[in-house]
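Structure first, then comments.
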């Protein structure tokens, strides 16, 4: 689909002082806008990123057999009292009353509600297990000190999945299965594998038997993981002198600043026993799996951007796959339609036609690089001269994670450009950049935008 820059590119606001460069970039580049302390609106570019991320999540979890649902964001005190978490959640739970003075809350998580949903259904057949249901929706937390924008806000978008099995061993197999899906999403789809840290963690107020956190490195001192120099593994121990993963007599660990982007739990029967979700009289064994969807936006920008002059996102969730920058004198030339058609055929994440002809081509290249658009296609002086020879060429640039400047690949014919794109996305011969990349296939499955 072709989108015109005059409509889609909104001028960013001036960002307030913040330790988070990602937060400043998202505001100044027109992805988000503050509306109150700890609250943010997603502007069109930010919403496109979130929509792409949600489509990837939908595809991968539904491939694994999970079913998407929707549940209310408001919970009752009666429900939360069943697990004794109404008070245990503390002051971060946003509580209020309806007109009948019934106490309610904006739910920060949904274990209680989802378990009650399963308990309220007619008896399930054994062939229906494991039951895996998930939602992607807003959660709320009354943060004492909201900071770093979407990294720690009072309203945030989360993917939360809840699974129900007939016994503990089946539940642990489901846990392992969904953890593999997480590793595919972060590693293969978002290409964060080299930067992803999975670490055993405390279950905290959620409870349960097994828990893992997924982290990305960050300089914000928001969270931490320890790296043991002896065995090369990560842990969350408060004691830097003792690694729980090795027996070396000369253990030495380093604390690394990080940000948590996901958390998984094997809950056991804590909720099902209390709320009454059973199969043949026995409490169902549960797991839950969370991904901070809106948090991933600043977390990945923070990780992949080497300069505030050039924001970078995983290519799969960049707001557009390509920008086509056209010189004023060529706007009505058939070469524009030919280029747009060639790009749209293989780049399913949206094409931005930069029709802001009052700006120079160089300025628009700078703007596309600043937004981290993976492919930048220029139809300017070089293209105009090539039309005389009846062998038209376009200029092609690409942007890459952890780089500030776009990479100039020089003039190409449209046929050569198509081969270059195929090589870049799918790793076919005569390649250019990163191979083994299948996000376009994901977008095809659920409809490209």
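Read the figures in this text as sums done on the coordinates, not as results from a lab. Keep in mind the model is a prediction, meaning the values are calculated, not measured. Heads up, the Cβs are rebuilt from the backbone with ideal geometry, glycines too, and the neighbour counts pull from every protein chain shown.
Comparing 277, 102, 323 in a Gaussian network model of the chain, where Cα atoms under 10 Å apart are tied by springs, the biggest mean-square fluctuation is seen for 102. The residue 10 and residue 168 beta-carbon pair, evaluated with R₀ = 56 Å, returns a calculated FRET efficiency of approximately 0.65.
Between residue 64 and residue 128, full extension at 0.36 nm per residue minus the direct alpha carbon distance yields a gain of 21.6 nm.
Each label was represented as a point 7 Å from its Cα along the Cα-to-Cβ direction; for residue 247 and residue 308 these points are 5.2 nm apart. For the peptides 171-180, 233-242, residues were scored by their other Cβ atoms within 10 Å and the scores averaged per peptide; the highest-first order is 171-180, 233-242.
Of 167, 247, 408, the residue with the greatest mean-square motion in the GNM of the chain, using alpha carbon springs below 10 Å, is 247. Compute the acute angle (0 to 90°) between the alpha-carbon long axis of helix 293-304 and the principal axis of greatest extent of the alpha-carbon atoms of the chain; round to the nearest 10°. Helix 293-304 sits roughly 50 degrees off the main axis of the chain. Considering only 409, 23, 263, give the residue with the highest GNM mean-square fluctuation for the chain, with springs between Cα atoms whenever their separation is below 10 Å. Answer for the Gaussian network model of the chain: 409.
Between 0 and 90 degrees, the angle of helix 111-120 with respect to the longest Cα principal axis of the chain falls at about 70 degrees. Helix 334-346: angle to the longest alpha-carbon principal axis of the chain, degrees 0 to 90, nearest 10? With rounding to tens, the tilt is 30 degrees. A Förster radius of 22 Å, combined with the Cβ-Cβ distance separating residue 1 from residue 390, puts the computed FRET efficiency at roughly 0.15. Across the chain, the volume of the C-alpha convex hull divided among the residues equals 173 Å³ per residue.
Remark: the residue 359-residue 102 segment gains 86.7 nm on full extension, using 0.36 nm per residue and subtracting the alpha carbon distance. Between the range 67-126 and the range 3-30, the C-alpha centres lie 36 angstrom from each other. Residue order for 132, 338, fewest other beta carbons within 10 angstrom first, comes to 338, 132.
The simple spin-label model puts a point 7 Å past each Cα toward its Cβ; for residue 415 and residue 37 those points are separated by 6.4 nm.
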